[in-house]
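Encoded as C-alpha cells, the structure appears first; notes follow it.
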Amino acid sequence: MLDSFLVFSATKDPTAVERANLLNMAKLSIKGLIESALSFGRTLDSDYPPLQQFFVVMEHCLKHGLKVRKSFLSYNKTIWGPLELVEKLYPEAEEIGASVRDLPGLKTPLGRARAWLRLALMQKKMADYLRCLIIQRDLLSEFYEYHALMMEEEGAVIVGLLVGLNVIDANLCVKGEDLDSQVGVIDFSMYLKNEEDIGNKERNVQIAAILDQKNYVEELNRQLNSTVSSLHSRVDSLEKSNTKLIEELAIAKNNIIKLQEENHQLRSENKLILMKTQQHLEVTKVDVETELQTYKHSRQGLDEMYNEARRQLRDESQLRQDVENELAVQVSMKHEIELAMKLLEKDIHEKQDTLIGLRQQLEEVKAINIEMYQKLQGSEDDLKEKNEIIARLEEKTNKITAAMRQLEQSDNDLLTQTRTIAMSLVKCASSDTQDQYKLVKDISF
C-alpha cells in the first residue's frame, strides 16, 4: 500500500523525508513499469500511462535540491544543465545530446531534458548515463544543493533501480510530441489498489505468462528454423570452400615442390657465386697490395721531385734576384750613355754650325776670287797685285780647305765614336726605346 511507503514524521529532517518519499515513488514507478511492460508483451509507446508516470517521477527526482540560476530576465531552475554535463563525462552520450539539440519543436531547457530522458530509455543506457553523473559530486555541486537527492545515497539507489529498465523495449516518438508545455503531476491512483484489482492483476499476470510462453515458443521455433536454414547454407558454403581448399592444397603442394627445386638451384648458384666472390676478393686484395706498394714508391719519387723542384725554385729565385740587380746596373749605365750621347749631339751640332760658317766664308772668298779674277783680266797693271792677292787668297783658301778637311775628319771620328757607343748600348740594354733608335739613326747619317 502507498501508506506503507510514504513517510510522514515530524521528528525527521524535511529534506530527508522528501528524499525518502521520492525514492519510494521511484521504486513503485519502476517496479510497476517493469511488471506492466512484461504483462503487456509489446513495445511501449509514448501513450503508455505507467511510462508517462515514470518520466514524471524521474523529473521530480532530478529537480529535487536543484539550485536556482539567475539570468538577466528571470530565475532559471531546470534539469537540462546536469543532463547536458553527461556528454563531457560519457563520450557515447554526445550522440543523444546532439539529437536533442537538433529537434525542431523544443524551445525550453525542460523540453530538451524530457526528450533526453526518453532517448536514454530507448537506448537502454539511462542507468549508465546517470551513474557517471552522480560519481562526479564536485561537478554536481554546481547544479544541486548539498541535501539534494542526486547528491545523497538515494540517488545511487535510484540509479541502481534503473538498470532493471533495460529489459523494456520502448519506441517513443519524440519529434512530434509537445514536451515543453507538459505538466508533470504524479498520479497516485495508479499505486492505490484493492483486492479485486489484485485478483484481476493475478489473472492478467497468468494470462500474460501463458501468452509470453506461447510467444516464446513461436519465437524459439522461428529462430530454430532460421538457424537450420542458415546451417544448411553454411554447410553448402563449407563444402564449396572445402573443395576449393583441396584444389588450393594441391596447387600449394606443386608450388612447394617447385620452390624446393628452385631453392636447391639457388643454393648451388649461391655457392658458386660465393666461391667466385672469394676468388675475386683474393685477386682484389693482391691488386690492392700491389697498388699500395706502387703508391708508396710513387709517393717517394714525388717527394724527391718536390724537393728537386723546391731547390730549382730557390736557384731560380736567386738567379732572378741577380738578373734584377744586373738590370738595375744596366739601367744606370743606360742613363749615363744617354747623357753622353746628348753631350756628343750638342758638340756635333756646334761643329756643324762652324762648318756651315766656314763654307759660307769659302763661298764669299770664291766670289771675291772670281771678282778679282775678272778685274785681273780687265786690268793688266794690277795683275801682279791681283796675282799676289790671288796667291794669298789661294793660300788662305788652302788653309781653310785644310781646316775643313780636319774638321770633317774630326766629324767622322765623332760619328765613329757615336756609332760605337750606340752599338755598345744596344748590346748592353735588354730592350731599346724607339727614341734611342732614332737618335742612333740620326747620328749615323
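Filtering the stretch 19-69 to residues that are surrounded by 19 or more Cβ atoms within 10 Å (Cβ to Cβ) and of a type in the set (D, E, K, R) leaves ARG19, LYS63. In the stretch 382-432, of all residues being among the charged types (D, E, K, R) and under 30 Å from VAL323 (Cβ atoms), the one that is modelled with the highest pLDDT corresponds to ARG419. Evaluate the stretch 395-409: report whether one residue or more is out of contact with any Phe, Trp or Tyr (no Cβ under 8 Å at 6 or more places or on another chain), assigned to a helix (DSSP H, G or I), of a type in the set (A, V, I, L, M) and open to solvent by 70 Å² or more (accessible area, probe 1.4 Å). No, the stretch 395-409 has no match at all. Listed by first and then second residue, the pairs linking a residue in the stretch 387-404 that is farther than 22 Å from LYS375 by Cβ to a residue that is in a helix (DSSP H, G or I) and not acidic (Asp, Glu), with Cβ atoms under 8 Å apart and 6 or more places separating them unless they lie on different chains, are THR401/LEU362; ALA403/LEU358; MET404/LEU355; MET404/LEU358; MET404/ARG359; MET404/LEU362.
The residues of the stretch 129-150 that are open to solvent by less than 60 Å² (accessible area, probe 1.4 Å) and not in a loop (DSSP other than H, G, I, E, B), listed by number, are TYR129, LEU130, CYS132, LEU133, ILE134, LEU139, LEU140, TYR144, LEU149, MET150.
ILE134 meets all of the listed conditions (1) farther than 24 Å from LEU106 by Cβ; (2) more than 51 Å from the chain's Cα centre (by Cα); (3) hydrophobic (A, V, I, L, M, F, W, C) but one, namely (2).
Please indicate, with yes or no, whether at least one residue in the stretch 153-166 is assigned to a loop (DSSP other than H, G, I, E, B) and either more than 51 Å from the chain's Cα centre (by Cα) or modelled with pLDDT under 90 (or both). Taking every residue of the stretch 153-166 in turn, none turns out to be assigned to a loop (DSSP other than H, G, I, E, B) and either more than 51 Å from the chain's Cα centre (by Cα) or modelled with pLDDT under 90 (or both). Going by the conditions given, is GLN330 open to solvent by 100 Å² or more (accessible area, probe 1.4 Å) and not small (Gly, Ala, Ser)? Against the criterion (open to solvent by 100 Å² or more (accessible area, probe 1.4 Å) and not small (Gly, Ala, Ser)), GLN330 does not qualify. When the stretch 91-111 is filtered for residues that are free of Cβ contacts under 8 Å to residues at least 40 places away in the same chain and closer than 21 Å to VAL68 by Cα, only PRO109 remains. Here the stretch 151-185 is the region considered, the condition is being free of Cβ contacts under 8 Å to residues at least 60 places away in the same chain and under 23 Å from SER39 (Cα atoms), and the residue that is least open to solvent (accessible area, probe 1.4 Å) is GLY160.
Please indicate, with yes or no, whether at least one residue in the stretch 274-290 is modelled with pLDDT of 85 or more, farther than 26 Å from LYS399 by Cα and among the basic types (Lys, Arg). Yes, the stretch 274-290 contains at least one residue that is modelled with pLDDT of 85 or more, farther than 26 Å from LYS399 by Cα and among the basic types (Lys, Arg).
Yes or no: LEU85 within 51 Å of the chain's Cα centre (by Cα), over 26 Å from LEU28 (Cβ atoms) and open to solvent by less than 40 Å² (accessible area, probe 1.4 Å)?
Working: within 51 Å of the chain's Cα centre (by Cα): yes; over 26 Å from LEU28 (Cβ atoms): yes; open to solvent by less than 40 Å² (accessible area, probe 1.4 Å): yes.
For LEU85, the condition - within 51 Å of the chain's Cα centre (by Cα), over 26 Å from LEU28 (Cβ atoms) and open to solvent by less than 40 Å² (accessible area, probe 1.4 Å) - is met.
Please pick out the residue among LYS334, LYS276 that is basic (Lys, Arg) and without any contact (Cβ under 8 Å) to a residue 40 or more places away in the chain. Only one candidate qualifies: LYS276.
Quick grid of which residues meet (1) without any contact (Cβ under 8 Å) to a residue 24 or more places away in the chain; (2) part of a helix (DSSP H, G or I); (3) more than 23 Å from ARG419 (Cα to Cα); (4) open to solvent by 80 Å² or more (accessible area, probe 1.4 Å):
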| position | (1), (2), (3), (4) |
| --- | --- |
| ASP303 | yes, yes, yes, no |
| TYR306 | yes, yes, yes, yes |
| GLU324 | yes, yes, yes, yes |
| LEU339 | yes, yes, no, yes |
| LEU344 | no, yes, no, no |
| HIS349 | yes, yes, no, yes |
| LEU358 | no, yes, yes, no |
| GLU363 | yes, yes, yes, yes |
| ASN369 | no, yes, yes, no |
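The values are calculated or read from the model by the stated rules, or taken from the named source; none is laboratory data. From a predicted model like this one, the values you see are computed outputs, not experimental measurements. As a convention, Cβ positions derive from the backbone with ideal geometry for all residues, glycine included, and neighbour counts pool all protein chains shown. When the accessible area is computed, the model is the full protein with side chains, heavy atoms only, and any ligands, DNA or RNA have been set aside. Shrake-Rupley method; radii C 1.70, N 1.55, O 1.52, S 1.80 Å.
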